[in-house]
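Just below is one structure, and these are the notes that go with it.
The values are calculated or read from the model by the stated rules, or taken from the named source; none is laboratory data. Only a predicted model underlies this, so the values are computations on that prediction, with no experimental measurement involved. Glycine also receives a Cβ, built like all others from the backbone with ideal geometry; neighbour counts cover every protein chain displayed. Surface accessibility is based on the protein's heavy atoms, side chains included, excluding ligands, DNA and RNA. Shrake-Rupley method; radii C 1.70, N 1.55, O 1.52, S 1.80 Å.
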Amino acid sequence: MADGTHQAPVLELDDIQGTLLRQRPSPYTGTYFLLRVDDPADGRRMLQRLLPHVASAARWWDPPSRAWLSVALSHSGLRALGVPQASLDSFPDAFHEGMAARAERLGDTGESSPEHWDAPLGSRDVHIAVTLFAPDEAALEALLEVGRAALRDLPGVQMIYRLDASQLPTKRTHLGFVDGIGEPDIEGAGVASILQAGRDHYGYLPGFGPTIKAGEFVLGYENQLGRLTPIPQPDVLGRNGTYVAFRKLHLKVADFRRYLHDNASSPEEEELLAAKMIGRWPSGAPLVLAPDHDDPDLAVDPTRANDFIYHEQDPTGLRCPVGAHIRRMNPRDSLTDTIVDVRLHRALRRGTTYGPMLPEGQLEDDGAERGIVFIFMGADLVRQFEFLKTQWANDGDFVGLGTEKDPLIGDNDGTGMFTIPHRPVRRRLKQLPRFAVTKGGEYLFMPGIHALKWIAELAA
Ligand code: HEM
(Lines give C-alpha, C1' and ligand atoms only; values in the text may rest on other atoms or scores of the structure.)
Protein backbone atom coordinates (compact mmCIF):
# COMPACT_ATOMS: atom_id res chain seq x y z
CA MET A 1 0.00 0.00 0.00
CA ALA A 2 1.11 3.56 -0.66
CA ASP A 3 1.55 4.43 3.03
CA GLY A 4 3.69 1.36 3.56
CA THR A 5 1.15 -0.48 5.73
CA HIS A 6 0.00 -3.89 4.69
CA GLN A 7 -3.50 -5.27 4.75
CA ALA A 8 -4.20 -8.98 4.86
CA PRO A 9 -6.32 -10.19 1.94
CA VAL A 10 -9.95 -10.79 2.69
CA LEU A 11 -10.30 -14.49 2.12
CA GLU A 12 -13.75 -15.62 1.04
CA LEU A 13 -14.03 -18.03 3.92
CA ASP A 14 -17.62 -19.00 3.17
CA ASP A 15 -16.57 -20.16 -0.31
CA ILE A 16 -13.44 -22.06 0.77
CA GLN A 17 -13.91 -25.67 1.84
CA GLY A 18 -13.43 -25.94 5.59
CA THR A 19 -10.72 -28.57 5.62
CA LEU A 20 -8.36 -26.29 3.67
CA LEU A 21 -8.00 -23.72 6.43
CA ARG A 22 -9.17 -25.54 9.53
CA GLN A 23 -7.81 -28.44 11.51
CA ARG A 24 -9.90 -31.58 11.57
CA PRO A 25 -11.63 -32.28 14.89
CA SER A 26 -9.68 -34.05 17.61
CA PRO A 27 -10.58 -36.73 18.43
CA TYR A 28 -11.85 -37.56 14.96
CA THR A 29 -13.44 -40.42 13.16
CA GLY A 30 -14.09 -40.43 9.45
CA THR A 31 -14.07 -42.00 6.04
CA TYR A 32 -12.68 -41.36 2.58
CA PHE A 33 -14.95 -42.46 -0.27
CA LEU A 34 -13.77 -42.64 -3.86
CA LEU A 35 -16.40 -42.60 -6.58
CA ARG A 36 -16.50 -43.27 -10.31
CA VAL A 37 -18.89 -41.34 -12.50
CA ASP A 38 -20.29 -43.34 -15.43
CA ASP A 39 -23.06 -40.90 -16.21
CA PRO A 40 -22.28 -37.16 -16.01
CA ALA A 41 -25.89 -36.21 -15.21
CA ASP A 42 -25.96 -38.62 -12.24
CA GLY A 43 -22.58 -37.30 -11.08
CA ARG A 44 -23.79 -33.71 -11.17
CA ARG A 45 -27.05 -34.67 -9.44
CA MET A 46 -25.05 -36.21 -6.63
CA LEU A 47 -22.95 -33.06 -6.29
CA GLN A 48 -26.14 -30.98 -6.09
CA ARG A 49 -27.33 -33.17 -3.23
CA LEU A 50 -24.01 -32.95 -1.39
CA LEU A 51 -23.55 -29.20 -1.83
CA PRO A 52 -25.67 -27.96 1.11
CA HIS A 53 -23.59 -30.15 3.41
CA VAL A 54 -20.11 -29.15 2.24
CA ALA A 55 -18.45 -27.38 5.17
CA SER A 56 -16.94 -23.96 4.59
CA ALA A 57 -14.06 -22.35 6.44
CA ALA A 58 -16.41 -19.69 7.84
CA ARG A 59 -18.19 -19.98 11.18
CA TRP A 60 -15.52 -22.32 12.42
CA TRP A 61 -16.46 -21.49 15.97
CA ASP A 62 -19.93 -23.02 15.63
CA PRO A 63 -19.90 -26.54 17.05
CA PRO A 64 -21.71 -28.15 14.06
CA SER A 65 -18.91 -27.15 11.72
CA ARG A 66 -16.55 -29.38 13.63
CA ALA A 67 -18.06 -32.22 11.62
CA TRP A 68 -17.50 -31.79 7.94
CA LEU A 69 -17.89 -33.13 4.49
CA SER A 70 -15.54 -32.12 1.70
CA VAL A 71 -15.35 -32.92 -2.00
CA ALA A 72 -12.40 -33.08 -4.37
CA LEU A 73 -12.11 -34.19 -7.99
CA SER A 74 -9.44 -35.73 -10.17
CA HIS A 75 -8.76 -34.50 -13.69
CA SER A 76 -10.57 -37.53 -15.12
CA GLY A 77 -13.38 -36.79 -12.66
CA LEU A 78 -13.80 -33.25 -13.99
CA ARG A 79 -13.96 -34.74 -17.47
CA ALA A 80 -16.47 -37.38 -16.40
CA LEU A 81 -18.70 -34.66 -14.96
CA GLY A 82 -18.75 -32.82 -18.28
CA VAL A 83 -16.36 -29.93 -17.58
CA PRO A 84 -15.58 -28.40 -20.99
CA GLN A 85 -12.28 -29.23 -22.71
CA ALA A 86 -11.03 -25.62 -22.54
CA SER A 87 -11.34 -25.76 -18.75
CA LEU A 88 -9.69 -29.16 -18.55
CA ASP A 89 -6.78 -27.81 -20.58
CA SER A 90 -6.33 -24.90 -18.19
CA PHE A 91 -5.22 -27.16 -15.32
CA PRO A 92 -1.50 -27.69 -14.68
CA ASP A 93 0.25 -30.70 -16.24
CA ALA A 94 1.05 -32.47 -12.95
CA PHE A 95 -2.62 -32.53 -11.98
CA HIS A 96 -3.62 -33.60 -15.46
CA GLU A 97 -1.13 -36.48 -15.44
CA GLY A 98 -2.07 -37.70 -11.97
CA MET A 99 0.11 -39.04 -9.17
CA ALA A 100 0.70 -42.53 -10.58
CA ALA A 101 2.21 -41.11 -13.77
CA ARG A 102 4.70 -39.17 -11.67
CA ALA A 103 5.56 -42.05 -9.34
CA GLU A 104 9.20 -42.34 -10.27
CA ARG A 105 10.07 -38.74 -9.52
CA LEU A 106 8.17 -39.03 -6.22
CA GLY A 107 10.28 -42.02 -5.20
CA ASP A 108 7.35 -44.42 -5.54
CA THR A 109 9.53 -47.22 -6.79
CA GLY A 110 10.00 -50.89 -5.82
CA GLU A 111 7.32 -51.95 -3.34
CA SER A 112 5.86 -48.40 -3.48
CA SER A 113 5.40 -48.39 -7.26
CA PRO A 114 1.90 -48.05 -8.72
CA GLU A 115 1.77 -51.67 -9.91
CA HIS A 116 1.55 -52.64 -6.21
CA TRP A 117 -1.00 -49.98 -5.23
CA ASP A 118 -4.40 -50.95 -3.87
CA ALA A 119 -6.93 -50.94 -6.71
CA PRO A 120 -8.38 -48.59 -7.86
CA LEU A 121 -5.92 -46.04 -6.42
CA GLY A 122 -3.90 -44.35 -9.14
CA SER A 123 -6.27 -45.46 -11.90
CA ARG A 124 -8.32 -43.18 -14.12
CA ASP A 125 -11.45 -44.56 -12.41
CA VAL A 126 -10.93 -42.36 -9.35
CA HIS A 127 -13.19 -39.39 -10.15
CA ILE A 128 -14.56 -37.93 -6.94
CA ALA A 129 -13.24 -38.10 -3.38
CA VAL A 130 -15.75 -37.40 -0.63
CA THR A 131 -14.33 -37.03 2.86
CA LEU A 132 -16.43 -37.14 6.00
CA PHE A 133 -15.01 -36.32 9.42
CA ALA A 134 -16.67 -35.87 12.78
CA PRO A 135 -15.75 -35.71 16.45
CA ASP A 136 -17.72 -38.85 17.32
CA GLU A 137 -19.56 -41.84 15.84
CA ALA A 138 -23.03 -40.27 16.16
CA ALA A 139 -22.02 -37.16 14.21
CA LEU A 140 -20.26 -39.33 11.64
CA GLU A 141 -23.35 -41.50 11.21
CA ALA A 142 -25.40 -38.36 10.43
CA LEU A 143 -22.87 -37.42 7.74
CA LEU A 144 -22.84 -40.96 6.36
CA GLU A 145 -26.61 -40.73 5.95
CA VAL A 146 -26.10 -37.54 3.93
CA GLY A 147 -23.69 -39.49 1.72
CA ARG A 148 -26.06 -42.43 1.28
CA ALA A 149 -28.94 -40.10 0.41
CA ALA A 150 -26.76 -38.30 -2.14
CA LEU A 151 -26.07 -41.58 -3.95
CA ARG A 152 -29.62 -42.93 -3.82
CA ASP A 153 -31.08 -43.98 -7.21
CA LEU A 154 -28.07 -42.76 -9.14
CA PRO A 155 -26.70 -45.86 -10.90
CA GLY A 156 -24.32 -43.68 -12.89
CA VAL A 157 -22.19 -43.07 -9.79
CA GLN A 158 -20.35 -46.01 -8.24
CA MET A 159 -18.56 -46.10 -4.90
CA ILE A 160 -15.31 -47.85 -5.77
CA TYR A 161 -13.23 -47.47 -2.61
CA ARG A 162 -13.68 -46.75 1.06
CA LEU A 163 -11.03 -46.12 3.69
CA ASP A 164 -11.99 -45.50 7.31
CA ALA A 165 -9.62 -43.38 9.35
CA SER A 166 -9.90 -42.63 13.06
CA GLN A 167 -7.62 -41.06 15.56
CA LEU A 168 -5.83 -43.72 17.60
CA PRO A 169 -6.64 -43.85 21.33
CA THR A 170 -3.13 -42.50 21.98
CA LYS A 171 -3.89 -39.48 19.69
CA ARG A 172 -0.53 -40.25 18.07
CA THR A 173 0.54 -41.82 14.80
CA HIS A 174 1.28 -45.54 14.59
CA LEU A 175 4.96 -44.86 15.21
CA GLY A 176 4.03 -43.45 18.62
CA PHE A 177 4.60 -39.77 17.81
CA VAL A 178 2.20 -36.85 17.93
CA ASP A 179 1.73 -35.33 14.46
CA GLY A 180 0.00 -32.27 13.05
CA ILE A 181 1.80 -29.62 15.08
CA GLY A 182 3.75 -27.69 12.43
CA GLU A 183 1.40 -25.71 10.17
CA PRO A 184 1.92 -22.57 8.09
CA ASP A 185 0.32 -19.37 9.35
CA ILE A 186 -1.73 -18.27 6.34
CA GLU A 187 -2.27 -14.56 5.85
CA GLY A 188 -5.90 -13.59 6.31
CA ALA A 189 -7.06 -17.07 7.29
CA GLY A 190 -7.82 -16.09 10.86
CA VAL A 191 -6.11 -17.37 13.96
CA ALA A 192 -8.00 -20.64 13.77
CA SER A 193 -5.72 -21.73 10.94
CA ILE A 194 -3.03 -22.33 13.48
CA LEU A 195 -5.29 -23.54 16.21
CA GLN A 196 -4.33 -27.00 17.30
CA ALA A 197 -7.61 -28.87 17.44
CA GLY A 198 -8.76 -29.68 20.93
CA ARG A 199 -6.62 -27.04 22.58
CA ASP A 200 -8.17 -23.90 23.95
CA HIS A 201 -5.83 -21.33 22.60
CA TYR A 202 -7.24 -18.83 20.16
CA GLY A 203 -4.46 -16.29 19.96
CA TYR A 204 -1.30 -15.84 17.96
CA LEU A 205 0.95 -18.86 18.40
CA PRO A 206 4.69 -18.17 18.30
CA GLY A 207 6.80 -20.33 15.99
CA PHE A 208 4.24 -20.69 13.19
CA GLY A 209 5.56 -17.74 11.21
CA PRO A 210 6.61 -16.18 8.99
CA THR A 211 3.12 -15.56 7.73
CA ILE A 212 2.63 -17.08 4.28
CA LYS A 213 0.65 -15.37 1.52
CA ALA A 214 -2.80 -16.88 1.06
CA GLY A 215 -2.15 -17.52 -2.66
CA GLU A 216 0.30 -20.27 -1.69
CA PHE A 217 -2.67 -22.32 -0.53
CA VAL A 218 -5.83 -20.84 -1.99
CA LEU A 219 -6.23 -20.10 -5.71
CA GLY A 220 -7.18 -16.56 -6.64
CA TYR A 221 -4.98 -14.68 -4.16
CA GLU A 222 -1.48 -13.23 -4.24
CA ASN A 223 1.28 -15.77 -3.59
CA GLN A 224 4.82 -15.46 -2.20
CA LEU A 225 6.10 -14.48 -5.63
CA GLY A 226 3.85 -11.43 -5.54
CA ARG A 227 1.65 -12.89 -8.27
CA LEU A 228 -1.61 -14.72 -8.63
CA THR A 229 -0.95 -18.45 -9.02
CA PRO A 230 -2.44 -19.38 -12.43
CA ILE A 231 -5.94 -20.58 -11.83
CA PRO A 232 -8.04 -23.01 -13.86
CA GLN A 233 -10.62 -21.37 -16.07
CA PRO A 234 -13.24 -20.02 -15.92
CA ASP A 235 -12.50 -18.01 -12.77
CA VAL A 236 -15.62 -19.31 -11.06
CA LEU A 237 -14.16 -22.82 -11.28
CA GLY A 238 -10.67 -21.97 -10.06
CA ARG A 239 -11.26 -19.32 -7.43
CA ASN A 240 -11.01 -20.44 -3.80
CA GLY A 241 -9.92 -23.92 -4.83
CA THR A 242 -6.72 -25.78 -4.10
CA TYR A 243 -4.84 -28.92 -5.09
CA VAL A 244 -4.61 -31.99 -2.92
CA ALA A 245 -2.02 -34.75 -2.86
CA PHE A 246 -3.80 -37.74 -1.34
CA ARG A 247 -1.54 -40.63 -0.35
CA LYS A 248 -2.20 -43.87 1.46
CA LEU A 249 1.07 -44.67 3.26
CA HIS A 250 1.45 -48.03 4.94
CA LEU A 251 3.73 -47.84 7.97
CA LYS A 252 6.00 -50.77 8.74
CA VAL A 253 5.73 -50.27 12.48
CA ALA A 254 7.37 -53.57 13.47
CA ASP A 255 10.34 -52.88 11.16
CA PHE A 256 10.70 -49.39 12.64
CA ARG A 257 10.70 -50.73 16.19
CA ARG A 258 13.10 -53.54 15.33
CA TYR A 259 15.49 -51.17 13.59
CA LEU A 260 15.59 -49.00 16.71
CA HIS A 261 15.97 -52.06 18.91
CA ASP A 262 18.89 -53.38 16.85
CA ASN A 263 20.69 -50.03 16.89
CA ALA A 264 20.25 -49.13 20.56
CA SER A 265 21.32 -50.63 23.84
CA SER A 266 18.33 -49.52 25.95
CA PRO A 267 14.69 -48.48 25.54
CA GLU A 268 15.77 -44.89 26.37
CA GLU A 269 18.27 -44.94 23.52
CA GLU A 270 15.64 -46.38 21.16
CA GLU A 271 13.39 -43.43 22.00
CA LEU A 272 16.25 -40.99 21.50
CA LEU A 273 17.12 -42.45 18.06
CA ALA A 274 13.50 -42.26 16.94
CA ALA A 275 13.27 -38.67 18.19
CA LYS A 276 16.47 -37.81 16.29
CA MET A 277 14.94 -39.22 13.10
CA ILE A 278 11.78 -37.17 13.49
CA GLY A 279 13.03 -34.04 15.27
CA ARG A 280 10.45 -34.22 18.03
CA TRP A 281 9.90 -36.55 20.97
CA PRO A 282 6.85 -38.85 21.06
CA SER A 283 4.86 -36.18 22.95
CA GLY A 284 5.65 -33.64 20.23
CA ALA A 285 8.23 -31.69 22.27
CA PRO A 286 10.86 -30.40 19.79
CA LEU A 287 14.46 -31.55 20.19
CA VAL A 288 15.71 -28.00 19.72
CA LEU A 289 13.99 -27.01 22.97
CA ALA A 290 14.22 -30.37 24.77
CA PRO A 291 17.45 -31.99 23.57
CA ASP A 292 17.96 -34.63 26.26
CA HIS A 293 14.58 -36.09 27.17
CA ASP A 294 10.90 -35.83 26.34
CA ASP A 295 9.01 -32.94 27.90
CA PRO A 296 5.24 -33.56 27.74
CA ASP A 297 4.47 -30.26 29.50
CA LEU A 298 6.30 -28.36 26.79
CA ALA A 299 4.52 -30.38 24.11
CA VAL A 300 1.03 -29.43 25.28
CA ASP A 301 1.82 -25.74 25.61
CA PRO A 302 0.78 -24.31 22.21
CA THR A 303 2.75 -21.14 22.87
CA ARG A 304 6.02 -23.09 23.20
CA ALA A 305 5.73 -26.41 21.32
CA ASN A 306 6.56 -24.87 17.96
CA ASP A 307 8.53 -21.82 19.05
CA PHE A 308 12.02 -22.61 17.77
CA ILE A 309 14.38 -22.05 14.86
CA TYR A 310 17.46 -23.92 13.73
CA HIS A 311 20.12 -21.56 12.36
CA GLU A 312 20.26 -19.56 15.56
CA GLN A 313 19.44 -22.16 18.17
CA ASP A 314 20.99 -25.32 16.74
CA PRO A 315 23.17 -24.49 13.72
CA THR A 316 25.04 -27.80 13.45
CA GLY A 317 22.18 -30.08 14.39
CA LEU A 318 23.60 -31.24 17.72
CA ARG A 319 20.06 -31.10 19.06
CA CYS A 320 17.91 -31.77 15.99
CA PRO A 321 19.94 -33.45 13.20
CA VAL A 322 19.90 -31.54 9.92
CA GLY A 323 18.57 -34.70 8.26
CA ALA A 324 15.65 -35.17 10.69
CA HIS A 325 12.16 -35.37 9.18
CA ILE A 326 10.82 -32.05 10.49
CA ARG A 327 14.04 -30.16 9.75
CA ARG A 328 13.95 -31.35 6.15
CA MET A 329 10.24 -30.74 5.66
CA ASN A 330 10.36 -27.22 7.09
CA PRO A 331 13.95 -26.02 7.44
CA ARG A 332 12.69 -22.75 8.97
CA ASP A 333 15.75 -20.42 9.09
CA SER A 334 18.28 -23.20 8.29
CA LEU A 335 18.70 -22.15 4.66
CA THR A 336 19.11 -18.45 5.45
CA ASP A 337 22.54 -18.34 3.78
CA THR A 338 21.32 -20.01 0.58
CA ILE A 339 19.15 -18.84 -2.29
CA VAL A 340 16.28 -21.10 -1.25
CA ASP A 341 13.21 -19.29 0.01
CA VAL A 342 11.58 -21.73 2.42
CA ARG A 343 8.29 -19.82 2.17
CA LEU A 344 7.87 -21.11 -1.39
CA HIS A 345 7.87 -24.71 -0.21
CA ARG A 346 5.53 -24.89 2.76
CA ALA A 347 3.13 -27.75 3.28
CA LEU A 348 -0.38 -27.65 4.62
CA ARG A 349 -1.15 -31.11 5.98
CA ARG A 350 -4.43 -32.70 6.99
CA GLY A 351 -3.35 -36.31 7.54
CA THR A 352 -5.21 -39.00 9.47
CA THR A 353 -4.40 -42.50 10.70
CA TYR A 354 -5.98 -45.75 9.54
CA GLY A 355 -5.76 -49.32 10.78
CA PRO A 356 -5.37 -50.86 14.24
CA MET A 357 -2.40 -50.17 16.50
CA LEU A 358 0.38 -52.74 16.69
CA PRO A 359 0.39 -53.73 20.38
CA GLU A 360 2.96 -51.81 22.41
CA GLY A 361 6.37 -53.46 22.41
CA GLN A 362 5.58 -56.00 19.66
CA LEU A 363 8.49 -56.39 17.26
CA GLU A 364 6.84 -58.86 14.87
CA ASP A 365 4.52 -57.69 12.11
CA ASP A 366 0.94 -58.95 12.44
CA GLY A 367 0.10 -58.42 8.78
CA ALA A 368 -2.49 -55.72 9.51
CA GLU A 369 -2.87 -52.70 7.26
CA ARG A 370 -2.02 -49.53 9.15
CA GLY A 371 -0.61 -46.17 8.32
CA ILE A 372 -1.29 -42.60 7.44
CA VAL A 373 -3.58 -41.01 4.93
CA PHE A 374 -1.25 -38.19 4.04
CA ILE A 375 -3.13 -35.17 2.76
CA PHE A 376 -1.20 -32.24 1.35
CA MET A 377 -2.99 -29.08 0.22
CA GLY A 378 -1.54 -26.20 -1.74
CA ALA A 379 -1.75 -24.05 -4.84
CA ASP A 380 1.23 -25.57 -6.65
CA LEU A 381 1.74 -29.33 -6.56
CA VAL A 382 5.16 -29.14 -8.22
CA ARG A 383 6.71 -26.26 -6.29
CA GLN A 384 5.31 -27.46 -2.98
CA PHE A 385 4.49 -31.18 -2.58
CA GLU A 386 6.75 -32.56 -5.33
CA PHE A 387 9.63 -30.26 -4.34
CA LEU A 388 9.44 -31.50 -0.75
CA LYS A 389 9.49 -35.11 -1.89
CA THR A 390 12.20 -34.85 -4.55
CA GLN A 391 14.56 -32.23 -3.10
CA TRP A 392 14.11 -32.39 0.64
CA ALA A 393 12.93 -35.96 1.41
CA ASN A 394 14.71 -38.05 -1.22
CA ASP A 395 17.93 -36.04 -1.50
CA GLY A 396 20.33 -34.59 1.04
CA ASP A 397 22.29 -32.12 -1.06
CA PHE A 398 20.42 -29.07 0.21
CA VAL A 399 21.86 -29.61 3.71
CA GLY A 400 25.22 -31.07 2.67
CA LEU A 401 24.16 -34.66 3.28
CA GLY A 402 24.78 -35.96 -0.24
CA THR A 403 22.48 -38.85 -1.03
CA GLU A 404 21.13 -39.27 2.50
CA LYS A 405 17.34 -39.33 2.49
CA ASP A 406 14.64 -38.57 5.03
CA PRO A 407 14.92 -41.43 7.56
CA LEU A 408 11.15 -41.67 7.92
CA ILE A 409 9.66 -41.04 4.50
CA GLY A 410 12.69 -41.24 2.16
CA ASP A 411 12.66 -43.92 -0.53
CA ASN A 412 15.35 -45.86 1.33
CA ASP A 413 16.17 -49.37 0.16
CA GLY A 414 18.18 -50.95 2.95
CA THR A 415 21.37 -49.10 2.09
CA GLY A 416 20.31 -45.71 3.46
CA MET A 417 22.14 -43.77 6.14
CA PHE A 418 21.18 -41.23 8.79
CA THR A 419 23.76 -38.95 10.39
CA ILE A 420 23.32 -37.81 13.98
CA PRO A 421 25.70 -34.96 14.83
CA HIS A 422 27.30 -35.55 18.22
CA ARG A 423 30.47 -34.58 20.07
CA PRO A 424 33.17 -35.80 20.07
CA VAL A 425 32.06 -38.01 17.14
CA ARG A 426 28.93 -38.08 15.07
CA ARG A 427 26.87 -41.24 14.91
CA ARG A 428 25.73 -42.85 11.68
CA LEU A 429 22.77 -45.20 11.42
CA LYS A 430 23.18 -47.50 8.44
CA GLN A 431 21.17 -49.86 6.26
CA LEU A 432 18.00 -47.84 6.61
CA PRO A 433 15.03 -49.64 5.07
CA ARG A 434 11.84 -48.04 3.80
CA PHE A 435 9.45 -47.54 6.71
CA ALA A 436 6.58 -45.93 4.75
CA VAL A 437 5.26 -47.75 1.68
CA THR A 438 2.96 -45.97 -0.75
CA LYS A 439 -0.22 -48.00 -1.27
CA GLY A 440 -1.80 -45.51 -3.62
CA GLY A 441 -2.51 -41.89 -4.22
CA GLU A 442 -4.05 -39.28 -6.42
CA TYR A 443 -3.79 -35.61 -7.25
CA LEU A 444 -7.13 -33.92 -6.72
CA PHE A 445 -8.61 -30.47 -7.15
CA MET A 446 -10.69 -29.24 -4.21
CA PRO A 447 -12.92 -26.52 -5.67
CA GLY A 448 -14.48 -23.63 -3.82
CA ILE A 449 -18.16 -24.04 -2.99
CA HIS A 450 -19.37 -21.80 -5.85
CA ALA A 451 -17.19 -23.80 -8.19
CA LEU A 452 -18.80 -27.05 -7.04
CA LYS A 453 -22.18 -25.46 -7.74
CA TRP A 454 -20.94 -24.41 -11.19
CA ILE A 455 -19.93 -27.99 -11.96
CA ALA A 456 -23.15 -29.39 -10.52
CA GLU A 457 -25.19 -27.10 -12.79
CA LEU A 458 -23.30 -27.66 -16.04
CA ALA A 459 -25.63 -28.17 -18.96
CA ALA A 460 -25.82 -31.72 -20.28
C1 HEM B 1 4.80 -41.93 6.79
C2 HEM B 1 4.28 -40.81 6.81
C3 HEM B 1 4.64 -39.69 7.76
C4 HEM B 1 4.74 -39.69 9.12
C5 HEM B 1 4.56 -40.87 10.06
C6 HEM B 1 5.05 -38.33 9.51
C7 HEM B 1 5.25 -37.94 10.82
C8 HEM B 1 5.49 -36.64 11.20
C9 HEM B 1 5.66 -36.20 12.56
C10 HEM B 1 5.57 -37.12 13.80
C11 HEM B 1 5.86 -34.87 12.55
C12 HEM B 1 6.10 -33.98 13.77
C13 HEM B 1 4.87 -33.21 14.17
C14 HEM B 1 4.76 -31.83 13.54
O15 HEM B 1 5.74 -31.09 13.53
O16 HEM B 1 3.67 -31.52 13.04
C17 HEM B 1 5.82 -34.44 11.16
C18 HEM B 1 5.96 -33.14 10.72
C19 HEM B 1 5.93 -32.77 9.39
N20 HEM B 1 5.85 -33.58 8.30
FE21 HEM B 1 5.60 -35.59 8.33
N22 HEM B 1 5.14 -37.57 8.39
C23 HEM B 1 4.89 -38.36 7.29
C24 HEM B 1 4.89 -37.98 5.97
C25 HEM B 1 5.17 -36.71 5.52
C26 HEM B 1 5.23 -36.33 4.13
C27 HEM B 1 4.99 -37.29 2.94
C28 HEM B 1 5.49 -34.99 4.10
C29 HEM B 1 5.64 -34.06 2.93
C30 HEM B 1 5.86 -34.41 1.69
C31 HEM B 1 5.57 -34.54 5.48
C32 HEM B 1 5.79 -33.23 5.87
C33 HEM B 1 5.84 -32.81 7.19
C34 HEM B 1 5.93 -31.40 7.56
C35 HEM B 1 5.91 -30.20 6.62
C36 HEM B 1 5.99 -31.38 8.95
C37 HEM B 1 6.05 -30.14 9.85
C38 HEM B 1 7.45 -29.63 10.01
C39 HEM B 1 7.48 -28.30 10.74
O40 HEM B 1 6.69 -27.42 10.41
O41 HEM B 1 8.33 -28.14 11.61
N42 HEM B 1 5.39 -35.62 6.30
N43 HEM B 1 5.62 -35.55 10.36
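Would you mind counting up the charge near F246? Only other residues with Cβ under 13 Å from its Cβ, with Lys and Arg at +1 and Asp and Glu at -1.
For residues surrounding F246, the net value is +3.
Return the long-range amide H neighbours of I160 (sequence gap of 5 or more, or a different chain), with a cut-off of under 5 Å between placed amide H atoms.
Answer set, sorted by chain and number: L34, L35, R36.
So how much accessible area does V437 have, in Å² to the nearest 10, using a 1.4 Å probe?
Probe radius 1.4 Å; accessible area of V437 about 10 Å².
Taking only Cα atoms, what is the 0 to 90° angle, nearest 10, from helix 40-50's long axis to the longest principal axis of the chain?
70
Output wanted: per-residue J couplings in Hz (rounded whole) for region 108-120, from phi through Karplus 6.51 cos²θ - 1.76 cosθ + 1.60, θ = phi - 60°, x for Gly and Pro.
7, 10, x, 5, 8, 6, x, 5, 9, 5, 5, 5, x
What is the set of long-range amide H partners of M446 at a cut-off below 5 Å, with H atoms built 1.01 Å from backbone N?
Under 5 Å from the amide H of M446 lie the amide H atoms of L73, T242, Y243, V244, each far enough along the sequence or on another chain.
Quick one: 3J(HN,Hα) in Hz for region 80-86, Karplus 6.51/-1.76/1.60 with θ = phi - 60°, rounded, Gly and Pro as x.
Going residue by residue, I get 5, 8, x, 5, x, 4, 4 Hz, with x marking Gly and Pro.
Just add up the charged neighbours of V399: K/R +1, D/E -1, any other residue whose Cβ is under 10 Å from the Cβ of V399.
-1
Once a ≥ b ≥ c are taken as the square roots of the eigenvalues of the Cα gyration tensor of region 253-307, is the result rounded (a/c under 1.5), prolate (a/b larger than b/c) or oblate (a/b not larger than b/c)?
Judged from the Cα gyration tensor, region 253-307 comes out prolate (a/c at least 1.5, a/b above b/c).
Have a look at G43, G207, Y259 and report the one farthest towards the positive end of the charge dipole of the chain, computed about the Cα centre with Cβ charges (Lys/Arg +1, Asp/Glu -1).
Result: G43, furthest along the dipole toward the positive end.
What does the charge add up to near L363, with Lys and Arg as +1, Asp and Glu as -1, over the other residues with Cβ less than 14 Å from its Cβ?
Surrounding charge for L363 is -4.
Roughly how many debye, to the nearest 20, is the charge dipole of region 146-193 about its Cα centre, given +1 on each Lys and Arg Cβ, -1 on each Asp and Glu Cβ, and no other charges?
Dipole magnitude for region 146-193 comes out near 380 debye.
Helix 253-263: angle to the longest alpha-carbon principal axis of the chain, degrees 0 to 90, nearest 10?
Relative to the chain, helix 253-263 is tipped by roughly 20 degrees.
Can you list which of the GluC sites (Glu not before Pro) found in region 259-331 are DSSP loop residues with at most 12 other C-beta atoms within 10 Å?
E312
Give the relative contact order (percent, whole number) for the chain; include only Cα pairs under 8 Å separated by 6+ residues.
On the way: 971 pairs, mean separation 107.6, N = 460.
Relative contact order for the chain comes out at 23 percent.
Roughly how much of S266 is accessible, in Å² to the nearest 10, using a 1.4 Å probe?
30
Give the shape of region 311-386 as rounded, prolate or oblate, defined through the alpha-carbon gyration tensor: a ≥ b ≥ c are the square roots of its eigenvalues, a/c under 1.5 means rounded, and otherwise the shape is prolate if a/b is larger than b/c and oblate if not.
It is oblate, given that a/c is not under 1.5 and a/b is not larger than b/c.
For the chain, what does -39500 (n - 2.57) per DSSP helix run (n ≥ 4), summed and divided by total residues, give at 222 nm, in deg cm²/dmol to the nearest 500?
-5000 deg cm²/dmol
Any chance you could tell me what percent of the C-alpha pair distances in the chain go past 43 Å?
11
Any idea what the dipole of the chain comes to, in debye rounded to 20, about its Cα centre with Lys/Arg Cβ at +1 and Asp/Glu Cβ at -1?
Roughly 260 debye for the chain.
Kindly report, to the nearest 10 Å², the accessible surface of I181 as traced by a 1.4 Å probe over protein heavy atoms only.
10
Within region 371-460, list the trypsin sites (Lys or Arg not before Pro) lying in a DSSP loop whose Cβ has at most 15 other Cβ atoms in a 10 Å radius.
R426
Could you state the angle between the C-alpha long axis of helix 267-278 and the longest principal axis of the C-alpha atoms of the chain, as a value from 0 to 90 degrees rounded to the nearest 10?
So the helix axis and the longest Cα principal axis differ by about 50 degrees.
Please list, in order along region 69-78, the HN-Hα scalar couplings obtained from phi with the Karplus expression 6.51 cos²θ - 1.76 cosθ + 1.60 (θ = phi - 60°), rounded to whole Hz, x for Gly and Pro.
10, 10, 10, 9, 10, 7, 5, 5, x, 4
Amide H to amide H, which residues 5 or more places from M417 or on other chains are under 5 Å from it, using H placed in the peptide plane?
Residues meeting the criterion, in which the H sits 1.01 Å from N, are K405, L432.
Any idea which of S90, A119, L69 is furthest toward the positive side of the dipole for region 66-121, if Lys and Arg beta-carbons carry +1 and Asp and Glu beta-carbons -1?
The residue sitting farthest along the positive end of the dipole is L69.
At a 1.4 Å probe radius, which order do I160, I375 fall into by accessible area, largest first?
I160, I375
How would region 240-334 be classified by its alpha-carbon gyration tensor: rounded, prolate or oblate, with rounded meaning a/c under 1.5 and the a/b versus b/c comparison settling the rest?
Since a/c reaches 1.5 but b/c is at least a/b, the shape of region 240-334 is classed as oblate.
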